[in-house]
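FYI, it's all coordinate maths here, none of it is from the lab. Quick caveat: nothing in here was measured; it's all calculated off a predicted structure. Every residue, glycine as well, gets a Cβ built from its backbone with ideal geometry; the counts of neighbours run over all protein chains shown.
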Amino acid sequence: MDFHALKVLLDREGVDFLDLKTVDLFGNLRHLSLPSSSISSKVLTEGIGFDASSYGLSSVESSDLVLIPDLSTCFKDPFREQSVLSCFATMHLPDRERTPFPLDCRLVAKKAEALLFKKVKDAVSFWGPEYEFYLFQGFQLFRDELSLKLEITPLENIKEGYHADLPQERSAQFRDQASKVLEKLKISVKYHHHEGGGIGQQEIETLFESLLKTCDDAILIRYALKNLARDFGLFLTFMPKPIQGVPGNGWHLHCFLKVKEENIFYSETSPYSNFSKIGLYFMGGVLKHSRSLCAFSNPSTNSYKRLVPGFEAPTSITFGKGNRNSACRIPGYVADPQETRFEYRPPDSTCNPYLCLSSILLAGLDGIEEEIDPQSEGLGPFDGDSPPGFQEGKIKFLPRSLDEALDSLEEDYEFLTRDGVFPELLLERWIKMKREEAKEILFSVHPSELEKYF
């Protein structure tokens with residue numbers, strides 16, 4: 001879309017504002033709005049200046065960047081009172097050429113896709129996420145020098161929440177409306193249902209899309225669901241473990257590769273689950289690097305309160321058919337060869353989706369190029385709940401803390417920096433800021449500590 005086409009669209013739709021959306025280093029949505037009357041052709045070529053240091057992307061001394069709208073991503077914002085046309089924006093240096101900013105998270109995703117296309121000729125990755133979240137009717141936080149009290153009133157309280165129907169579960173109306181809103185945002189919903197948390201846990205699953213589209217959709221889904229919950233008078237959280245003793249919220253990622261419309265993870269002659277060699281190699285790379293991947297897929301201290309045994313959360317660095325304890329699960333219900341895939345189960349929605357998916361893709365690409373066979377590496381297949389060697393300590397496990405995940409990233413990051421997909425400066429900045437976050441939480445006084453020791 002050029003400037004003339006944009007102006008025609010703004011006038012035809014009676015748009016009051018053009019809204020530019022982007023994300024900071026941690027994947028939090030940021031935006032700025034331009035009145036339609038002030039939009040000129042310079043906006044599309046020279047962009048709008050902003051302070052990148054406030055996004056965690058640069059130092060204060062060199063923080064000037066510009067945002068240029070990506071008009072291919074335009075949509076009408078359903079939550080603004082005025083008529084607002086929103087789109088994602090790309091980050092650029094303020095030089096004459098408007099050079100793309102290397103730490104722009106959307107640029108990292110584009111580079112990851114381009115590298116796959118180059119290394120595995122014409123290959124495109126497809127991703128199908130599962131969005132798990134909790135709905136609450138009330139949320140209150142009381143803090144003083146001695147106590148922190150969190151009071152949560154669940155939307156419902158039934159013992160078996162998974163696929164529960166009316167009248168026991170009372171959140172179907174919310175999910176119905178959410179699906180309609182997402183369709184308006186050009187996001188296709190596969191299905192929705194009540195999850196197994198039993199006290200307000202929900203799931204919405206979307207159809208397969210390319211990597212960049214999946215990441216953009218993830219940002220918009222978080223935006224839409226939280227705003228819709230507010231309109232319903234509810235509170236919504238994607239927090240990995242918001243309540244002790246009940247299942248947490250994951251962001252399970254189903255993944256496969258296509259070359260010229262053919263799913264290359266499928267093999268009719270494969271001895272195991274019709275999974276091709278290249279599919280196994282891809283999965284082998286993901287498993288090999290899974291501990292360092294956690295620094296991007298599970299980047300909060302709360303993430304590791306979800307990754308514990310007993311709640312269908314993945315803990316072991318293994319793969320298997322239908323095994324929900326393994327990091328990589330091959331769904332046993334898939335009948336269509338074109339949807340042959342594996343599900344990477346560790347991630348949660350505290351991640352920056354652009355960095356999370358890009359890192360997983362690069363790990364899988366490393367597996368293909370190095371021909372990392374997870375079967376030869378002893379990582380599976382383990383189709384039961386407890387793989388052989390589990391008790392003897394032969395199975396490796398995901399990190400138990402954010403610091404442990406960051407340690408793993410520091411030891412294993414070369415697969416991310418190949419062809420400049422992840423700039424080393426981005427990794428350094430990510431590790432530094434996440435170390436500070438982990439330290440802040442470590443030094444905080446927890447309510448349970450007050451209860452036990454005060």
Using θ = phi - 60° and the Karplus form 6.51 cos²θ - 1.76 cosθ + 1.60, what ³J(HN,Hα) does each residue of the range 109-120 get, whole Hz, x for Gly and Pro? 5, 4, 5, 4, 4, 5, 5, 4, 4, 7, 7, 10
Paramagnetic reach from Met1 (point 7 Å along Cα→Cβ, amide N under 20 Å) across the range 13-36: 13-23, 30-36
Nearby lysines by direct alpha-carbon distance to Lys396 (threshold 16 angstrom, same-chain neighbours under 8 apart not counted): Lys288
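Would you order Phe422, Phe443 from fewest to most other beta-carbon atoms within 10 Å of each residue's own beta-carbon? Write out the running numbers ahead of the final one.
Values: Phe422 24, Phe443 7.
In order of increasing Cβ crowding within 10 Å: Phe443, Phe422.
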Quick one: if you stick a label point 7 Å off each Cα along the C-beta vector at Asp419 and Lys180, how many nm between them? 4.4
If we count other beta carbons within 10 Å of each Cβ, what is the order of Asp366, Asp419, fewest first? Asp419, Asp366
What is the extension gain from His446 to Glu81, computed as 0.36 nm multiplied by their sequence separation minus the C-alpha to C-alpha distance, in nm to one decimal? 127.4 nm
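With a cap of 13 neighbouring Cβ atoms within 10 Å, and only residues DSSP puts in a loop, list the trypsin sites (Lys or Arg not before Pro) found in the range 207-236. The partial results should precede the final answer.
Values: sites: Lys213, Arg222, Lys226, Arg230; in loops: none.
Loop-located and lightly packed - none at all.
For a Förster distance of 45 Å, can you work out the FRET efficiency between the beta-carbons of Glu312 and Ile48, rounded to the nearest 0.05? Kindly include the intermediate steps, with their values, before the conclusion.
Numbers: r = 45 Å, r/R0 = 1.00.
Result of the calculation: an efficiency of 0.50.
Mind ordering 93-99, 294-300, 308-314 by average Cβ neighbours within 10 Å, highest first?
Details: 93-99: 11.0, 294-300: 26.0, 308-314: 15.6.
Taking the mean over residues of other Cβ atoms within 10 Å, the ranking is 294-300, 308-314, 93-99.
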Between Lys277 and Leu207, how high is the FRET efficiency from 1/(1 + (r/R0)^6) when r is the Cβ-Cβ distance and R₀ = 41 Å? Nearest 0.05. 0.90
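Kindly provide the helix-only [θ] at 222 nm of the chain, computed as the sum of -39,500 (n - 2.57) over DSSP H runs of four or more divided by all residues, to the nearest 500 deg cm²/dmol?
That comes out to -10000 deg cm²/dmol.
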If you filter the range 233-316 for trypsin sites (Lys or Arg not before Pro), then keep DSSP loop positions with at most 11 other Cβ within 10 Å, what is left? Lys260
Per-pair calculated FRET efficiency, R0 = 41 Å: Thr99 and Glu370 via Cβ, rounded to 0.05: 0.80
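Scan the range 239-304 for GluC sites (Glu not before Pro) in coil per DSSP, keeping those whose Cβ has at most 13 other Cβ atoms within 10 Å, and list them by number.
Working: sites: Glu261, Glu262, Glu268; in loops: Glu261, Glu268.
The qualifying sites are Glu261, Glu268.
May I ask you to sort Tyr191, Tyr304, Tyr413, Tyr344 by Cβ crowding, counting other Cβ atoms within 10 Å and putting the fewest first?
Numbers: Tyr191 11, Tyr304 20, Tyr413 17, Tyr344 28.
Going from sparsest to densest Cβ surroundings: Tyr191, Tyr413, Tyr304, Tyr344.
Please give the length that would be gained between Gln173 and Phe232 if that part of the chain were fully extended, namely 0.36 nm times their separation in residues minus their C-alpha to C-alpha distance (nm, one decimal). Let's see the in-between values first.
Working: separation 59, 0.36 × 59 = 21.24 nm, distance 0.99 nm.
Extra length from Gln173 to Phe232 when fully extended: 20.2 nm.
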